[in-house]
Structures are given as C-alpha cells and as structure tokens.
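One structure below.
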Amino acid sequence: MLWLRRVEPVLRPLIHLWFRLKRGLTLGVRGLAVDGEGRVLLIQHTYVPGWHLPGGGVERRETAELALAREMREEAGLRILGRPELLSVHSNDPNHRGDHVLFYRVRAWEPCAPAAQGEIHEIGWFAPDALPETTTAATRRRIAQALSGEQSDPMW
C-alpha cells in the first residue's frame, strides 16, 4: 500500500476539500504513549511519509477522547485504560486550513490487536532521544514538549 504515498500529494487537496465541505472546521487527536522503558509509540501510515504519533479525526457524534481511544486501538493496537490527559490544543492551519489538533498523554494502556486495514505501514517504540530520522518535525516538537513539561507552541 506504499503506492498511496505517491498519489497522496495529488489527492490531498481533494481530500481536504471533501473534509472542508463535510465538516467546515475539522478536529483531530494525537496520543503520546510511553512504555515501561521510556520509549514512545510512533506509527507510519501507508499514504503519507514519516513517523507520527497515533491519532486521527474526530467524527460526528464522537467525543475527542472516544476518537483517541478508537484511533489508538485501530492504528497502534493500544487500548486506553482510564482517561487520557489533555496536554495541549494546536492549530494545524498551515497544513490544513481550519484544522485543530488535541494532543493527549495516555498514561494507562494495554496492548490489543490493531484494527486498521491497510492504513498503517509500521508501528514502533523509540527512545525519545533516538527517534527515526523521518519522524515529522511536529511529532518531535510534541514529544519534546510533553516530556520536558515546557509550554507548547499553539501551532501543530
């Protein structure tokens, strides 16, 4: 399914237009999970390059926390136990006009089978100081800010 990465730049404007018409304002969630060794969970999609924090869009009639739980389970095979902690809210306007991202810390979780079908290329756990070279800049910033406790930038 890596062929999707080649067509994604062409399809992205159409996908954004569809979401814009369907939703107007869009809202997404991303989650930071850390294992017992201090490693962070990252995923690679089949349709866009780079390593990212797991997450995705909040659907109609779905709370942000339910969306995060769904996305973590589908994409990464991680079942959230208890409530995640909202760390920050970001505008993703430079990448997707009208989009906002809620960034959560998932402190309690257990592994489960991932449910995404063809969307995820790879799942990995990485030391925060040894992230893969292709980890996105926004992902690096969110991890660094969350783990250091520093105030986060309002832009994703």
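From most to least packed by mean Cβ count within 10 Å, the peptides 112-120, 27-35, 62-70 give 27-35, 62-70, 112-120. Across the options Val101, Gln117, His16, the greatest Cα extent toward the positive end of the charge dipole of the stretch 3-148 (unit charges at beta carbon of Lys, Arg, Asp, Glu) belongs to His16. Residues in the stretch 87-93 carry Karplus couplings, in order, of 9, 6, 10, 10, 8, 10, 4 Hz; the curve used is 6.51 cos²θ - 1.76 cosθ + 1.60 with θ = phi - 60°, and Gly or Pro positions show x. Its residue count N fixes a reference of 2.2 N^0.38 Å for the chain, and the Cα radius of gyration divided by that reference is 0.99. The calculated Kirkwood hydrodynamic radius for the stretch 1-84 is 14.3 Å, given to one decimal from all distinct C-alpha pairs.
Every number here is computed from the coordinates shown, using simple stated rules; none is lab data. Predicted, not measured: the structure shown is a model, and the values here were computed from it. Backbone-built Cβ (ideal geometry, glycine too); neighbour counts: all protein chains shown.
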